[in-house]
Amino acid sequence: MPLKSIIQEMKGGIGSISRRSFDVKFPHHSRGRSSSVVLDETHLKVELFQQQSCWASMPPELLRDVIQRVESSEGVWPCRKHVVACASVCSSWREITKELVKTPEQSGKLTFPISLKQPGPRDSTVQCFIRRDRTTSTYQLYLGTPPTSMENGKFLLAARKFRRATSTDYIISLDAEDMSRGSNTYVGKLRSNFLGTKFTIYDSQPPHSGAIASTNRAGRRIGSKQVSPRVPAGSYNVAHIAYELNVLGTRGPRRMQCTLHTIPASAMEPNGSAPTPTEFSTSTMNVDDTIPHSGFLSSPKSKSAVADCSAADCEYSSGLLTKDGPLVLKNKAPRWHEQLQCWCLNFRGRVTVASVKNFQLVAATEPAQTTAQNQSDHDKVLLQFGKIGKDMFTMDYRYPLSAFQAFAICLSSFDTKLACE
């Protein structure tokens with residue numbers, strides 16, 4: 001059989017195998033019996049083996065070649081789901097698929113859920129957009145350019161806003177329908193102070209071995225007795241975001257600084273590296289538990305609003321950063337456009353509506369540290385966020401930020417800031 005025919009037949013077979021894996025019929029079990037009945041695992045294993053034996057017994061050399069061809073041909077979503085399906089067949093398929101699928105830093109592609117916690121590509125940006133729902137106080141992150149009414153977006157993450165007496169929490173989840181802090185799909189949260197000037201990003205899993213979970217009241221996401229033992233019970237402080245006090249906007253646009261405790265400043269060097277998790281440490285998720293493929297679908301109002309000016313030569317403000325310390329990001333300083341009578345940044349056409357929420361983040365560096373070789377790397381916009389319509393925003397990020405970190409930083413721009421505007 002030609003290899004092309006094998007791949008076509010495999011795509012159809014993988015889909016049915018993946019679907020059947022969620023609809024396993026328990027032998028000798030009827031609806032009228034108690035749900036606590038104990039079943040013989042051997043029956044389940046035999047049935048699953050019979051379903052998968054057609055593809056699980058393929059020679060490793062042929063299997064690797066087939067998966068490699070699928071991985072290289074299905075580069076964008078929704079076709080990328082065939083690569084995920086390959087990892088859902090059996091353990092041998094899963095190991096080969098995980099070996100062949102590169103990280104976003106290497107390939108620029110988001111494949112598995114763990115890709116949302118891995119750094120983005122070095123030489124390009126990952127273009128995303130955020131849809132805000134004011135009625136439910138939710139925010140959904142999608143992959144790709146903003147779609148028209150006839151197109152769909154690839155859902156990545158969702159967040160819900162919870163107001164408290166002295167702070168605000170944004171719970172971030174892999175599932176748009178389940179954004180509770182005790183859910184298996186919980187990946188982290190963003191917490192602000194009362195004034196909306198300081199934010200803390202918490203991760204659901206340890207950023208590195210030996211990391212200590214936050215034990216204070218602000219960092220705990222739920223009582224340990226209320227969480228399944230396989231669900232991470234701690235929140236790990238991974239970043240801080242600070243907005244400069246700017247009462248009534250008298251100092252111009254917002255000024256923000258982001259300190260990423262888990263990313264060393266040396267990551268911005270040519271041979272630097274950023275932490276790259278390979279799997280969720282304590283999670284019940286399977287490789288086929290991907291985020292579902294979902295669909296949907298001026299003039300400045302503030303003197304501190306920032307508009308897109310693609311022809312502008314924007315200046316960089318000075319900053320502080322040491323190679324041995326954490327990576328510090330600062331917002332790129334906009335310039336005042338006399339003809340437009342507004343503050344402008346070069347968003348390269350990705351932002352169309354002036355807003356106080358618009359920003360670009362670059363690495364903060366000391367003049368003495370910056371050399372001719374790495375100046376361009378430090379000058380790169382690592383994250384940009386801006387408005388394109390009512391409740392629609394674009395988010396573009398790159399190395400060393402991950403989709404989760406970028407999304408959390410952008411959520412801080414949505415929060416009300418009593419002392420900043």
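The values are calculated or read from the model by the stated rules, or taken from the named source; none is laboratory data. Fair warning: this is a prediction, and the values are worked out from it, not measured in the lab. Note that we place each Cβ from the backbone using ideal geometry, even for glycine, and neighbour counts take in every protein chain shown. SASA here: full protein model, heavy atoms, side chains in, ligands and nucleic acids out. Shrake-Rupley method; radii C 1.70, N 1.55, O 1.52, S 1.80 Å.
Per-structure values
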quantity: Every residue from region 113-136 that is open to solvent by 30 Å² or more (accessible area, probe 1.4 Å) and either closer than 24 Å to I67 by Cα or not charged (D, E, K, R) (or both); calculated: S124, T125, Q127, T135, T136
quantity: Which numbered condition I67 misses (of (1) under 26 Å from E177 (Cβ atoms); (2) modelled with pLDDT of 90 or more; (3) not assigned by the TED database to the domain that holds I388); calculated: (1)
quantity: Tally of residues being part of a loop (DSSP other than H, G, I, E, B), open to solvent by less than 30 Å² (accessible area, probe 1.4 Å) and either on the phi > 0 side of the Ramachandran plot or at pLDDT 85 or above (or both) across region 361-389; calculated: 2
quantity: Selection within region 397-418 - open to solvent by 10 Å² or more (accessible area, probe 1.4 Å) and either assigned to a strand (DSSP E or B) or modelled with pLDDT under 95 (or both); calculated: F414, T416, L418
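Each row is one residue, and each column tells you yes or no for (1) open to solvent by 80 Å² or more (accessible area, probe 1.4 Å); (2) modelled with pLDDT under 85.
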position	(1), (2)
L320	yes, yes
L329	no, no
K332	no, no
W336	yes, yes
Q339	yes, yes
R348	yes, no
V356	no, no
F359	no, no
